[in-house]
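To start, the structure under review is shown below, and the notes come after it.
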Amino acid sequence: MYDKLVVETFLEKQLQLFPEKVAESYDEAVEFLEDVCATVCKNKKEVLEYLEDEMDITGMSEEEILSAEEVFSISDGRYLVVEG
């Protein structure tokens with residue numbers, strides 16, 4: 001469900017959402033992402049649509065939404081949304 005780039009991005013950036021690391025290894029990261037049902041979105045539009053259903057984003061700009069601590073930008077243009 002989560003490819004190598006997604007998992008590695010989460011491992012590198014997990015402290016943007018959590019005060020301490022929740023995963024130390026690749027396997028722990030995969031398990032954590034599965035446990036919290038993290039979602040991979042293919043683009044900005046998909047992130048906005050997903051979060052409209054999952055969070056109250058009323059009044060937030062696109063920039064504010066995409067820079068939210070729950071949203072992890074992946075280097076290939078996708079996004080990982082982790083609701084901790």
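Only the coordinates and a few stated rules stand behind these numbers; no lab work does. In this text the structure is predicted, and so the values were computed from the model without any measurement. Neighbour counts run over all protein chains shown; Cβ positions are idealised from the backbone, glycine included.
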Check your understanding: Given a Förster radius of 22 Å and the C-beta distance between residue 5 and residue 57 as r, what FRET efficiency does 1/(1 + (r/R0)^6) yield to the nearest 0.05?
Key -> 0.30
Practice item. With θ set to phi - 60°, apply the Karplus curve 6.51 cos²θ - 1.76 cosθ + 1.60 along segment 15-22 and write out the HN-Hα couplings as whole Hz, x wherever there is a Gly or Pro. Key: 6, 6, 10, 10, x, 9, 4, 9
Exercise for review: Compute the acute angle (0 to 90°) between the alpha-carbon long axis of helix 4-13 and the principal axis of greatest extent of the alpha-carbon atoms of the chain; round to the nearest 10°.
Suggested key: 80 degrees
Review point. In the set (1) 14.5, 47; (2) 12.2, 37; (3) 12.9, 39, which value of Rg and Dmax of the Cα atoms in Å was calculated from the structure you see?
Key: (2)
Practice item. Springs between alpha-carbon atoms under 10 Å, Gaussian network over the chain: tell me which of 57, 74, 65 tops the mean-square fluctuations. Key: 57
Exercise for review: Using a 10 angstrom cutoff on alpha carbons, build the Gaussian network for the chain and name the most mobile of 15, 66, 33.
Suggested key: 15
Exercise for review: Would you mind calculating the gained length between residue 64 and residue 13 on full extension (0.36 nm times residue separation, minus the Cα-Cα distance), in nm to one decimal?
Suggested key: 16.6 nm
Exercise for review: Obtain the nm distance between the two label points defined at residue 26 and residue 44 by a simple spin-label model: each point lies 7 Å from its Cα along the Cα-to-C-beta direction.
Suggested key: 3.2 nm
Review point. With axes computed from alpha carbons, what is the tilt in degrees of helix 26-35 against the longest principal axis of the chain, rounded to the nearest 10 within 0 to 90?
Key: 50 degrees
Review point. Which angle between 0 and 90 degrees, to the nearest 10, do you get for helix 44-54 versus the longest principal axis of the chain when only C-alpha atoms count?
Key: 90 degrees
Check your understanding: Taking only DSSP H segments of four or more residues, each worth -39500 (n - 2.57), what value at 222 nm results for the chain once the sum is divided by all its residues, to the nearest 500 deg cm²/dmol?
Key -> -12000 deg cm²/dmol
